[in-house]
Amino acid sequence: MKHRIVADIAALLDEMLPRDLYAHDFTDEHYRALLKKIGIDESLEQFNDKKAAIRKGIIEHFARTFQHVDVELTQHTFILKKQYADPSLPESFDRLAHRSNLRIIDVFRNKSRFLPVPYLLSIPEEIRQEIMQEYLDKNVPIDTARAIIRRQITSVFDLYDRDIIFFLRGRISVRYFTPPKKLADGADKRFAGESVEEMEALYQTYFRDGAWKDIEPILGEAISEKLNFSVIDNATFTRNFIPVFRSMIEILLLEILPAEHRGKIEGFTGYVLRQTFHPILLYTAKVLLEFVENRDKNAEQFIKYFSEEVVIDASGKKIQKYAIVDSKQQRWNYTSILSIMMQYKQAKLKLASQKEAITAAQERIAECEAEITVERNQRYSVMDRIAELESIIADGDSRIMQLKNKLADSTSTAKTDIARLNAQQDELQKRKKNETSHLELANSKLANKMNELTRRQKKLADEKKVFQTILEQTAKLRDTYEMLAEALSVVLAKR
């Protein structure tokens, strides 16, 4: 009976209150209205009889929007305390988290719309943007926002440890754990029973140039999300890296494959992973080496785990560990790896600095070429004005000659016209002389700019030579780094 009363009170609150009510906005007025609805607002005896049920009903009502509260009641008032999403942050932030949680609850209530396949939930970009935007507007660090949203999705969707949440390609995706498909005897287990020939055909259809160019842009984010070397241990990595990479590829394939091929996505995911497994692990190894380069303590312990020995885990199970051994059979440990990575870091800095010098030289050349274009245009303008003046002067000379030829038969008016034209010609000659001076100056400026361009081009050539020298000087080091990364990728893949 008590359970039914609790359920009835929670249902009554569902009817009375807005669905999106923040728990701390539950007021004395709401509380008195509830007591009146159940007819115990004036009877202390009846109130005491149902007090525990009322308390549980209020808790249950707010739990439906995943707000965890504790309540103390009297007949006339109450004290409600809410558990914050992040206890270190103020109520204003918790209200923000509550609003994002309501959006996630809406997704859950319409879950069937977001399940392109039964085991993968895909929240589209526009809804992800709605969930994330308010955090971004309040300048909440994206990692903090994602951590809260991840916890909310885990709670609302009742996820298990082996379910995976991704923030990839503008979406939020949830990959539900599914046990391996049971296949008939003799079926090819590598690709969930699909034939190799069909998988090859699909691969050629959708990845004519290979899948790596589609995988590489999202791989870093997937590693950061689920295989972060600043927090993960070796056992967790070994247990999770295949499911993480499979799920990442599935998310990619859902955007690429049409509906008629989605039934083969499990097998095709395995095929794509096999085709790209080496570059994926090599990329992952290089990410780990970057953590070592930055002296991350967790990455240090991760590397130190690798050695050729058998250990007994906490459950008494024997675990085979593997050493990092390169193609020249050289063994690597943390100290030797750190030494190479420090040298490699300096080489990268030198190359990056020299690339910046090359870019700066190219920019200065572009600026100089733009200035030369301006100077040329100004020079052309002066030349055009001189040519125009010379044409006018020639016309004036011609008219003066004509007037002089007719002077014997002319009146004094012709003499006046000649005098006027001569005066104009003198003025035009002065203007021409002035423009000629401008032309000489323009020619000088242009010549200077051309000399400057030559110097800048030489500077660029010199910077490129320095870059090539650094490349040659660091070639052996870079080869060693690549060999180390290959060796680390091999040991990462061992299970």
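The values are calculated or read from the model by the stated rules, or taken from the named source; none is laboratory data. What you are looking at is a predicted structure, and each value in this text was computed from that prediction instead of being measured. Cβ sites come from the backbone with ideal geometry, for glycine too, and all protein chains shown count toward neighbours. Surface areas here come from the heavy atoms of the whole protein model, side chains and all, with no ligands, DNA or RNA. Shrake-Rupley method; radii C 1.70, N 1.55, O 1.52, S 1.80 Å.
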So, in segment 358-376, of the ones that are more than 12 Å from Leu446 (Cβ to Cβ) and of a type in the set (Asp, Glu), which residue ends up surrounded by the fewest Cβ atoms within 10 Å (Cβ to Cβ)?
Glu363
Per the list (1) open to solvent by 40 Å² or more (accessible area, probe 1.4 Å); (2) closer than 30 Å to Gln378 by Cβ; (3) in contact with a helix residue (DSSP H, G or I) (Cβ under 8 Å, 6 or more places away or on another chain); (4) of a type outside the set (Ser, Thr, Tyr), residue check on Leu428 breaks on (1)
Ala192 surrounded by 13 or more Cβ atoms within 10 Å (Cβ to Cβ) and over 28 Å from the mean Cα position of the chain (by Cα)
yes
Residue count for segment 7-39, restricted to those that are closer than 13 Å to Phe62 by Cα and touching a Gly at 6+ places or on another chain (Cβ under 8 Å):
5
Kindly check whether there is at least one residue in segment 155-166 that is modelled with pLDDT of 90 or more and open to solvent by 50 Å² or more (accessible area, probe 1.4 Å).
yes
So which residues in segment 224-266 are open to solvent by 60 Å² or more (accessible area, probe 1.4 Å), assigned to a helix (DSSP H, G or I) and either of a type in the set (Gly, Ala, Ser) or under 25 Å from Ala323 (Cα atoms) (or both)?
Ser224, Ala235, Arg239, Ala259, Gly263
Return the only residue of Glu452, Glu463 being touching a residue at least 24 places away in the same chain (Cβ under 8 Å), open to solvent by less than 90 Å² (accessible area, probe 1.4 Å), within 30 Å of Ser381 (Cα to Cα) and of a type in the set (Asp, Glu).
Glu452
Exception for Glu309 within (1) modelled with pLDDT under 95; (2) more than 22 Å from Ser122 (Cα to Cα); (3) open to solvent by less than 10 Å² (accessible area, probe 1.4 Å) falls at (3)
Looking for something at pLDDT 90 or above, farther than 30 Å from Arg146 by Cα and open to solvent by less than 60 Å² (accessible area, probe 1.4 Å) - is there at least one such residue anywhere in segment 77-90?
yes
Kindly indicate the residue of segment 108-143 that is of a type in the set (Ser, Thr, Tyr) and either closer than 23 Å to Glu250 by Cα or in contact (Cβ under 8 Å) with a residue 40 or more places away in the chain (or both) and also least open to solvent (accessible area, probe 1.4 Å) among those meeting that condition.
Ser122
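Looking at segment 39-51 only, could you name the residues that are open to solvent by 40 Å² or more (accessible area, probe 1.4 Å) and out of contact with any strand residue (DSSP E or B) (no Cβ under 6 Å at 6 or more places or on another chain)? If you could, list the steps in order and put the result at the bottom.
Filtering segment 39-51 for residues open to solvent by 40 Å² or more (accessible area, probe 1.4 Å) gives 39, 41-42, 44-46, 48-51.
Gly39, Asp41, Glu42, Leu44, Glu45, Gln46, Asn48, Asp49, Lys50, listed by residue number.
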Out of the residues in segment 187-223 that are outside any loop (DSSP other than H, G, I, E, B) and basic (Lys, Arg), state the one that is farthest from Tyr283 (Cα to Cα).
Lys189
